[in-house]
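Peer 1: My structure is below; once you've seen it, I'll send some questions.
The values are calculated or read from the model by the stated rules, or taken from the named source; none is laboratory data. Because the structure is a prediction, the values reported are computed rather than measured. Positions of Cβ are backbone-derived with ideal geometry, glycine not excepted, and every protein chain shown enters the neighbour counts.
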Amino acid sequence: MTGFASRRVVGILGGMGPEATVLLQQRVLATVAARDDSDHLPLLIDMNPQIPSRIAHLIDQTGEDPGPTLAAMAQRLEAAGATALGMPCNTAHHYASAVTKAVTIPLLNMIDLSVAKAACHLRPGQHIGFLASPAVQSAGVFDGALRQAGLQPLWPEDGDRMLSAIREIKAKGPTARARQILIDAAHELTTKGAAILFVACSEFSLIARDLPEDFPTLDTVDVLADAIHDHTLSQEVNP
(Lines give C-alpha, C1' and ligand atoms only; values in the text may rest on other atoms or scores of the structure.)
Protein backbone atom coordinates (compact mmCIF):
# COMPACT_ATOMS: atom_id res chain seq x y z
CA MET A 1 0.00 0.00 0.00
CA THR A 2 2.85 2.38 -0.82
CA GLY A 3 0.48 4.93 -2.34
CA PHE A 4 -0.84 5.68 1.17
CA ALA A 5 2.53 5.85 2.88
CA SER A 6 2.66 9.64 3.16
CA ARG A 7 -0.93 10.41 4.15
CA ARG A 8 -3.76 9.23 6.32
CA VAL A 9 -6.47 7.01 4.89
CA VAL A 10 -9.76 5.93 6.45
CA GLY A 11 -10.96 2.36 6.15
CA ILE A 12 -14.70 1.91 5.69
CA LEU A 13 -16.62 -1.01 7.17
CA GLY A 14 -19.16 -1.14 4.38
CA GLY A 15 -22.08 -3.15 3.07
CA MET A 16 -24.69 -2.08 5.68
CA GLY A 17 -26.26 -1.57 3.17
CA PRO A 18 -24.28 -1.29 -0.06
CA GLU A 19 -26.10 1.83 -1.28
CA ALA A 20 -25.41 3.57 2.02
CA THR A 21 -21.70 2.85 1.60
CA VAL A 22 -21.75 4.32 -1.89
CA LEU A 23 -23.63 7.33 -0.50
CA LEU A 24 -20.87 7.90 2.05
CA GLN A 25 -18.33 7.90 -0.79
CA GLN A 26 -20.40 10.53 -2.58
CA ARG A 27 -20.62 12.66 0.55
CA VAL A 28 -16.85 12.39 1.07
CA LEU A 29 -16.31 13.47 -2.55
CA ALA A 30 -18.49 16.50 -1.87
CA THR A 31 -16.22 17.65 0.98
CA VAL A 32 -13.41 18.37 -1.50
CA ALA A 33 -13.19 21.21 -4.02
CA ALA A 34 -11.28 19.11 -6.53
CA ARG A 35 -9.72 20.18 -9.81
CA ASP A 36 -8.30 16.75 -10.62
CA ASP A 37 -8.50 13.14 -9.44
CA SER A 38 -5.50 13.58 -7.18
CA ASP A 39 -7.30 16.23 -5.11
CA HIS A 40 -9.77 13.65 -3.79
CA LEU A 41 -9.34 11.68 -0.58
CA PRO A 42 -8.19 8.05 -0.55
CA LEU A 43 -10.45 5.47 1.05
CA LEU A 44 -10.09 1.79 1.81
CA ILE A 45 -13.47 0.07 1.62
CA ASP A 46 -14.40 -3.40 2.79
CA MET A 47 -17.79 -3.82 1.08
CA ASN A 48 -19.25 -6.81 2.87
CA PRO A 49 -23.03 -7.21 2.44
CA GLN A 50 -22.78 -10.56 4.24
CA ILE A 51 -22.29 -8.94 7.65
CA PRO A 52 -24.94 -10.58 9.87
CA SER A 53 -28.13 -8.55 10.11
CA ARG A 54 -28.17 -6.03 12.94
CA ILE A 55 -31.97 -6.06 12.93
CA ALA A 56 -32.11 -9.87 13.17
CA HIS A 57 -29.70 -9.81 16.10
CA LEU A 58 -31.12 -6.84 18.03
CA ILE A 59 -34.85 -6.90 17.26
CA ASP A 60 -35.70 -10.44 16.18
CA GLN A 61 -33.07 -11.89 18.56
CA THR A 62 -32.59 -14.80 16.20
CA GLY A 63 -29.60 -13.69 14.16
CA GLU A 64 -25.86 -14.07 14.51
CA ASP A 65 -23.84 -11.47 16.41
CA PRO A 66 -22.27 -9.10 13.81
CA GLY A 67 -19.48 -8.09 16.22
CA PRO A 68 -16.90 -10.74 15.24
CA THR A 69 -17.38 -10.08 11.53
CA LEU A 70 -16.99 -6.32 12.03
CA ALA A 71 -13.87 -6.92 14.15
CA ALA A 72 -12.31 -9.07 11.42
CA MET A 73 -13.07 -6.41 8.81
CA ALA A 74 -11.47 -3.75 10.99
CA GLN A 75 -8.32 -5.86 11.31
CA ARG A 76 -8.14 -6.32 7.53
CA LEU A 77 -8.46 -2.60 6.97
CA GLU A 78 -5.79 -1.80 9.54
CA ALA A 79 -3.45 -4.34 7.94
CA ALA A 80 -4.11 -2.73 4.55
CA GLY A 81 -2.93 0.65 5.82
CA ALA A 82 -5.97 2.38 7.31
CA THR A 83 -5.14 5.00 9.94
CA ALA A 84 -8.75 5.27 11.17
CA LEU A 85 -12.06 3.52 10.57
CA GLY A 86 -15.54 4.68 9.60
CA MET A 87 -18.80 2.72 9.72
CA PRO A 88 -21.76 4.22 7.81
CA CYS A 89 -24.42 2.35 9.77
CA ASN A 90 -25.90 3.85 12.92
CA THR A 91 -27.23 0.56 14.32
CA ALA A 92 -23.85 -1.13 13.83
CA HIS A 93 -22.36 1.30 16.35
CA HIS A 94 -23.94 -0.90 19.00
CA TYR A 95 -20.95 -3.14 18.22
CA ALA A 96 -18.38 -0.33 18.22
CA SER A 97 -16.50 -1.79 21.16
CA ALA A 98 -15.93 -5.05 19.24
CA VAL A 99 -14.34 -2.99 16.48
CA THR A 100 -12.16 -0.78 18.67
CA LYS A 101 -10.93 -3.69 20.78
CA ALA A 102 -9.75 -5.51 17.64
CA VAL A 103 -7.46 -2.76 16.31
CA THR A 104 -5.02 -0.08 17.39
CA ILE A 105 -6.47 2.68 15.17
CA PRO A 106 -9.43 4.88 16.13
CA LEU A 107 -13.03 4.55 15.00
CA LEU A 108 -14.53 7.81 13.79
CA ASN A 109 -17.67 7.24 15.82
CA MET A 110 -20.47 9.03 14.02
CA ILE A 111 -22.81 8.63 17.00
CA ASP A 112 -20.57 10.60 19.36
CA LEU A 113 -19.56 13.06 16.65
CA SER A 114 -23.16 13.79 15.66
CA VAL A 115 -24.36 14.38 19.22
CA ALA A 116 -21.35 16.60 19.91
CA LYS A 117 -22.10 18.67 16.81
CA ALA A 118 -25.76 19.07 17.77
CA ALA A 119 -24.83 19.98 21.34
CA CYS A 120 -22.95 23.02 20.04
CA HIS A 121 -26.28 24.46 18.85
CA LEU A 122 -28.74 23.19 21.47
CA ARG A 123 -29.40 23.96 25.10
CA PRO A 124 -29.23 21.21 27.74
CA GLY A 125 -32.59 19.49 28.02
CA GLN A 126 -33.65 20.12 24.43
CA HIS A 127 -34.90 17.23 22.34
CA ILE A 128 -33.45 15.51 19.29
CA GLY A 129 -35.94 13.66 17.09
CA PHE A 130 -34.64 10.42 15.61
CA LEU A 131 -35.42 9.27 12.09
CA ALA A 132 -33.92 5.85 12.67
CA SER A 133 -34.41 2.13 12.92
CA PRO A 134 -36.20 0.97 16.07
CA ALA A 135 -33.07 -1.13 16.64
CA VAL A 136 -31.17 2.10 17.31
CA GLN A 137 -33.68 2.92 20.04
CA SER A 138 -33.94 -0.55 21.59
CA ALA A 139 -30.16 -1.00 21.66
CA GLY A 140 -29.63 2.44 23.20
CA VAL A 141 -27.06 3.35 20.54
CA PHE A 142 -27.28 7.09 21.25
CA ASP A 143 -28.11 6.94 24.96
CA GLY A 144 -24.63 7.44 26.39
CA ALA A 145 -23.73 10.34 24.12
CA LEU A 146 -27.09 12.03 24.78
CA ARG A 147 -26.70 11.71 28.55
CA GLN A 148 -23.23 13.21 28.40
CA ALA A 149 -24.51 16.15 26.35
CA GLY A 150 -27.62 16.64 28.51
CA LEU A 151 -29.96 16.17 25.56
CA GLN A 152 -33.19 14.18 25.29
CA PRO A 153 -34.36 11.81 22.51
CA LEU A 154 -37.73 11.69 20.78
CA TRP A 155 -38.72 8.63 18.74
CA PRO A 156 -41.57 8.02 16.29
CA GLU A 157 -44.51 6.23 17.90
CA ASP A 158 -44.72 3.60 15.16
CA GLY A 159 -41.33 1.92 15.08
CA ASP A 160 -42.65 -0.90 12.94
CA ARG A 161 -43.58 1.57 10.22
CA MET A 162 -40.06 3.02 10.28
CA LEU A 163 -38.60 -0.48 10.03
CA SER A 164 -40.87 -1.31 7.08
CA ALA A 165 -39.56 1.77 5.26
CA ILE A 166 -35.96 0.74 5.88
CA ARG A 167 -36.61 -2.77 4.60
CA GLU A 168 -38.37 -1.37 1.55
CA ILE A 169 -35.40 0.87 0.72
CA LYS A 170 -33.03 -2.07 1.10
CA ALA A 171 -35.15 -4.21 -1.22
CA LYS A 172 -36.45 -1.69 -3.76
CA GLY A 173 -34.40 1.45 -3.33
CA PRO A 174 -35.96 4.82 -2.50
CA THR A 175 -39.73 4.62 -2.99
CA ALA A 176 -42.57 7.10 -2.67
CA ARG A 177 -43.96 5.12 0.28
CA ALA A 178 -40.65 5.23 2.15
CA ARG A 179 -40.36 8.97 1.52
CA GLN A 180 -43.85 9.54 2.89
CA ILE A 181 -43.11 7.52 6.02
CA LEU A 182 -40.01 9.64 6.63
CA ILE A 183 -41.91 12.89 6.08
CA ASP A 184 -44.72 11.77 8.39
CA ALA A 185 -42.22 10.88 11.12
CA ALA A 186 -40.48 14.24 10.72
CA HIS A 187 -43.82 16.05 11.16
CA GLU A 188 -44.61 13.94 14.23
CA LEU A 189 -41.29 14.60 15.93
CA THR A 190 -41.21 18.35 15.29
CA THR A 191 -44.79 18.61 16.54
CA LYS A 192 -43.68 16.87 19.75
CA GLY A 193 -40.97 19.47 20.24
CA ALA A 194 -37.81 18.19 18.56
CA ALA A 195 -35.36 21.06 18.14
CA ILE A 196 -33.49 19.12 15.46
CA LEU A 197 -34.01 15.87 13.58
CA PHE A 198 -31.23 13.31 13.30
CA VAL A 199 -31.24 11.30 10.10
CA ALA A 200 -29.82 8.33 11.96
CA CYS A 201 -30.31 5.48 9.52
CA SER A 202 -28.14 5.37 6.43
CA GLU A 203 -31.08 4.06 4.38
CA PHE A 204 -32.97 7.21 5.34
CA SER A 205 -29.92 9.24 4.35
CA LEU A 206 -30.64 8.12 0.78
CA ILE A 207 -33.93 10.06 0.83
CA ALA A 208 -33.41 12.65 3.58
CA ARG A 209 -32.85 15.48 1.13
CA ASP A 210 -36.46 15.00 0.04
CA LEU A 211 -37.62 16.29 3.43
CA PRO A 212 -39.15 19.78 3.36
CA GLU A 213 -36.56 22.46 3.97
CA ASP A 214 -38.30 23.78 7.08
CA PHE A 215 -37.28 20.67 9.04
CA PRO A 216 -33.97 21.33 10.86
CA THR A 217 -31.95 18.16 10.22
CA LEU A 218 -28.52 16.72 10.80
CA ASP A 219 -27.52 13.66 8.77
CA THR A 220 -25.07 11.40 10.59
CA VAL A 221 -23.59 10.29 7.24
CA ASP A 222 -22.65 13.91 6.54
CA VAL A 223 -21.02 14.14 9.96
CA LEU A 224 -18.98 11.01 9.21
CA ALA A 225 -17.97 12.35 5.79
CA ASP A 226 -16.69 15.55 7.41
CA ALA A 227 -14.78 13.55 10.01
CA ILE A 228 -13.15 11.46 7.28
CA HIS A 229 -12.14 14.65 5.47
CA ASP A 230 -10.67 16.17 8.64
CA HIS A 231 -8.81 13.00 9.63
CA THR A 232 -7.30 12.47 6.19
CA LEU A 233 -6.03 16.02 5.86
CA SER A 234 -5.11 16.67 9.50
CA GLN A 235 -1.49 15.63 9.15
CA GLU A 236 0.80 13.41 7.17
CA VAL A 237 1.72 9.96 8.44
CA ASN A 238 5.32 9.57 9.45
CA PRO A 239 7.05 7.16 7.06
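Peer 1: Hey, any hits in segment 205-228 for a residue that's of a type in the set (Asp, Glu), in a helix (DSSP H, G or I), touching a Ser or Thr at 6+ places or on another chain (Cβ under 9 Å) and surrounded by fewer than 20 Cβ atoms within 10 Å (Cβ to Cβ)? Give the derivation first.
Peer 2: Applying the first criterion (of a type in the set (Asp, Glu)) to segment 205-228 yields 210, 213-214, 219, 222, 226.
Checking the rest, the ones that are also in a helix (DSSP H, G or I) come to 210, 222, 226.
Checking the rest, the ones that are also touching a Ser or Thr at 6+ places or on another chain (Cβ under 9 Å) come to 222, 226.
With the extra rule that they be surrounded by fewer than 20 Cβ atoms within 10 Å (Cβ to Cβ), the set shrinks to 226.
Looking through segment 205-228, at least one residue is of a type in the set (Asp, Glu), in a helix (DSSP H, G or I), touching a Ser or Thr at 6+ places or on another chain (Cβ under 9 Å) and surrounded by fewer than 20 Cβ atoms within 10 Å (Cβ to Cβ).
Peer 1: Can I ask one more? Could you check segment 100-117 and list, in sequence order, the residues that are within 19 Å of Asn48 (Cα to Cα) and more than 15 Å from the chain's Cα centre (by Cα)?
Peer 2: Thr100, Ala102, Val103
Peer 1: Could you check segment 122-147 and list, in sequence order, the residues that are polar (S, T, N, Q) and either closer than 18 Å to Phe215 by Cα or without any contact (Cβ under 8 Å) to a residue 24 or more places away in the chain (or both)? Write out each step before concluding.
Peer 2: First, the residues of segment 122-147 that are polar (S, T, N, Q): 126, 133, 137-138.
Correct list: Gln126, Gln137.
Peer 1: Now, a different point. Can you find even one residue in segment 199-207 that is in contact with a Lys or Arg (Cβ under 6 Å, 6 or more places away or on another chain) and closer than 18 Å to Arg123 by Cα?
Peer 2: Scanning segment 199-207 turns up no residue that is in contact with a Lys or Arg (Cβ under 6 Å, 6 or more places away or on another chain) and closer than 18 Å to Arg123 by Cα.
Peer 1: In addition: Assigned to a helix (DSSP H, G or I), at pLDDT 95 or above, surrounded by 19 or more Cβ atoms within 10 Å (Cβ to Cβ) and in the same structural domain as Leu206 (by TED's automatic domain parsing): which single residue out of Met73, Met162 fits that description?
Peer 2: Values: Met73 fails: in the same structural domain as Leu206 (by TED's automatic domain parsing).
So the residue among Met73, Met162 that is assigned to a helix (DSSP H, G or I), at pLDDT 95 or above, surrounded by 19 or more Cβ atoms within 10 Å (Cβ to Cβ) and in the same structural domain as Leu206 (by TED's automatic domain parsing) is Met162.
Peer 1: Within segment 229-238, work out how many residues are of a type in the set (Asp, Glu) and either in a helix (DSSP H, G or I) or modelled with pLDDT of 95 or more (or both).
Peer 2: Residues of segment 229-238 that are of a type in the set (Asp, Glu), as a first pass: 230, 236.
Next cut, either in a helix (DSSP H, G or I) or modelled with pLDDT of 95 or more (or both) only: 230.
Total meeting the criteria: 1.
Peer 1: Also, quick follow-up: As an exercise: evaluate Val32 against (1) within 16 Å of Ala225 (Cβ to Cβ); (2) surrounded by 18 or more Cβ atoms within 10 Å (Cβ to Cβ); (3) over 17 Å from the mean Cα position of the chain (by Cα) and give the number of the one condition it does not meet.
Peer 2: In the conditions (1) within 16 Å of Ala225 (Cβ to Cβ); (2) surrounded by 18 or more Cβ atoms within 10 Å (Cβ to Cβ); (3) over 17 Å from the mean Cα position of the chain (by Cα), Val32 misses (2) alone.
Peer 1: Residues in segment 57-66: is at least one more than 16 Å from Asp226 (Cα to Cα), crowded, with 16+ Cβ neighbours inside 10 Å, polar (S, T, N, Q) and not assigned by TED's automatic domain parsing to the domain that holds Lys170? So that I can check it myself, show each step before the final result.
Peer 2: The initial filter retains those residues of segment 57-66 that are more than 16 Å from Asp226 (Cα to Cα), namely 57-66.
Checking which are crowded, with 16+ Cβ neighbours inside 10 Å leaves us with 57-59, 66.
Restricting the remaining residues to those that are polar (S, T, N, Q) gives none.
Among the residues of segment 57-66, not one is more than 16 Å from Asp226 (Cα to Cα), crowded, with 16+ Cβ neighbours inside 10 Å, polar (S, T, N, Q) and not assigned by TED's automatic domain parsing to the domain that holds Lys170, which makes the answer no.
Peer 1: While we're here: Let me spell it out: the conditions are (1) touching a residue at least 40 places away in the same chain (Cβ under 8 Å); (2) surrounded by 16 or more Cβ atoms within 10 Å (Cβ to Cβ), and Leu233 meets all of them except one. Which number is the exception?
Peer 2: It fails just one condition, (2).
Peer 1: Continuing with the same structure: For segment 123-135, check the following and say yes or no: at least one residue is surrounded by 21 or more Cβ atoms within 10 Å (Cβ to Cβ), of a type outside the set (S, T, N, Q), more than 23 Å from Ala195 (Cβ to Cβ) and touching a Cys at 6+ places or on another chain (Cβ under 7 Å).
Peer 2: As a first pass, look at segment 123-135 and keep what is surrounded by 21 or more Cβ atoms within 10 Å (Cβ to Cβ): 128-135.
Keeping just the survivors that are of a type outside the set (S, T, N, Q) gives 128-132, 134-135.
Right, trim to more than 23 Å from Ala195 (Cβ to Cβ) and you get 135.
Keeping just the survivors that are touching a Cys at 6+ places or on another chain (Cβ under 7 Å) gives none.
No; the residues of segment 123-135 include none that is surrounded by 21 or more Cβ atoms within 10 Å (Cβ to Cβ), of a type outside the set (S, T, N, Q), more than 23 Å from Ala195 (Cβ to Cβ) and touching a Cys at 6+ places or on another chain (Cβ under 7 Å).
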